[in-house]
Amino acid sequence: MHNNQTSALHHQPVSHRITCGDLELHYLACGAGEPLLLLHGWPTSSHLWRNVMPWLAPTHRVIALDLPGFGESSKPLGRTYSFKFYTAAIDAFLTELGIARTALVVHDLGGPAGLMWAAKNPQKVSRLALLNTLVYPKVSWAVKAFLLATVLPGVRHWLVSPAGLQWTLRLGVVNKAAITPVVMKPYCAPFASASARRALLQAARGMHPGGFTYIARQLPQIGVPVRLIYGAKDRILPDIAATMARLQADLPGAELTALPDCGHFLQEDAPAELGRLLADFFNPGT
């Protein structure tokens, strides 16, 4: 193993802020080498990756971005959180950091956001890893129920409250005892204001189904090595095994690993195991 626990402990993520046009973007970074961008989903942030990043940092410049609408990044209310919006934001962020090409790991809503950017910019992607995420146009009953919850009066406000956010994180892990108040605080703090909570609801439903059709068609054309890793006990995306099987069929060279004792947020359930698997993929031949 090129990347061991001792070297991982020496690389702790550091918080940064950068201005890209009218957006202020927050990110965590550590390590040096080839860039490696980590994208979270709903309702999390770069905080999700804090225990995975040190495993990748001995050989990479690891960057976990708070997507607009999330974490400590800007949460504009007058924008649609669309594929176009996220593609432009990711592109501007990388340009501002002087990154011409990067490896990419995507999770949850960060999947479609990152995959659309990759499909539009295949020359800027070196390697790609997909975790528990959304890829295809046809979604499960659970995703439909979630989207409905984001517009139902009463329910939608609870969903983005501290109690609702904690419920989501606990639903998404096997080891519920790990979701302590200390762990939850950075997830909840960015949504203290009513406007931030409104932005979080908007970010849940801004992506048009047509974008998923485009991603599904273009993904095999990106032409880079792909790794598929997922938590098998996912109660947020209960059809994840079928999604991953379809991805492996569409991307015949992709290696697939199911983590049997992990839920949707595998970064919380098994950060070291996930970190080691990703380190092996992003350091071929070591």
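Read-outs throughout are calculated quantities, based only on the coordinates presented, and are distinct from any laboratory measurement. None of these values were measured; they are calculated from a predicted model. Please note: Cβ atoms are built from the backbone with ideal geometry, for glycine as well, and neighbour counts cover all protein chains shown.
Table for the structure above
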read-out: For the range 9-81: span of alpha carbons on each principal axis (Å, largest first); value: 41, 23, 16
read-out: 5 Å binning of all Cα-Cα separations within the chain, expressed as whole percents from 0 upward; value: 1, 6, 13, 18, 21, 19, 14, 7, 2, 0, 0
read-out: Estimated [θ] at 222 nm from DSSP helical runs (n ≥ 4, -39500 (n - 2.57)) normalised by residues in the chain, nearest 500; value: -11000 deg cm²/dmol
read-out: Long-range HN-HN contacts of GLU255 with modeled amide H, under 5 Å; value: VAL226, LEU228
read-out: From phi via Karplus (6.51, -1.76, 1.60), per-residue ³J(HN,Hα) for the range 154-161 in Hz, x at Gly/Pro; value: x, 4, 5, 5, 5, 4, 9, 7
read-out: FRET efficiency, 1/(1 + (r/R0)^6) with R0 45 Å, evaluated for TRP158 and ALA32 via beta carbons; value: 0.55
read-out: DSSP bridge pairs, the chain: antiparallel proportion in percent, nearest 5; value: 30 percent
read-out: HN-Hα J in Hz across the range 127-138 - Karplus 6.51, -1.76, 1.60, θ = phi - 60°, x for Gly and Pro; value: 8, 9, 10, 10, 9, 5, 8, 9, 10, 9, x, 7
read-out: Over 20 Å between alpha carbons, listed pairs LYS84/LYS124; LYS75/LYS185; LYS185/LYS233; value: LYS185/LYS233
read-out: Radius of gyration and Dmax over the Cα atoms of the range 185-282, both given in Å; value: 16.4, 46
read-out: Cβ-defined net charge surrounding PRO58, 14 Å radius [Lys, Arg +1; Asp, Glu -1]; value: 0
read-out: Residue-count net charge about LEU274 - beta-carbon cut-off 15 Å; Lys, Arg +1, Asp, Glu -1; value: -4
read-out: Within-13-Å neighbourhood charge of SER126 [Cβ basis; K, R +1; D, E -1]; value: +4
read-out: Inter-probe distance in nm under a simple model that places probes 7 Å from Cα toward Cβ, at ALA145 and LYS176; value: 1.5 nm
read-out: Alpha-carbon Debye profile of the range 120-239, log10 I(q)/I(0) at 0.19, 0.22 Å⁻¹; value: -1.21, -1.31
read-out: Paramagnetic reach from LEU77 (point 7 Å along Cα→Cβ, amide N under 18 Å) across the range 173-216; value: 190-206
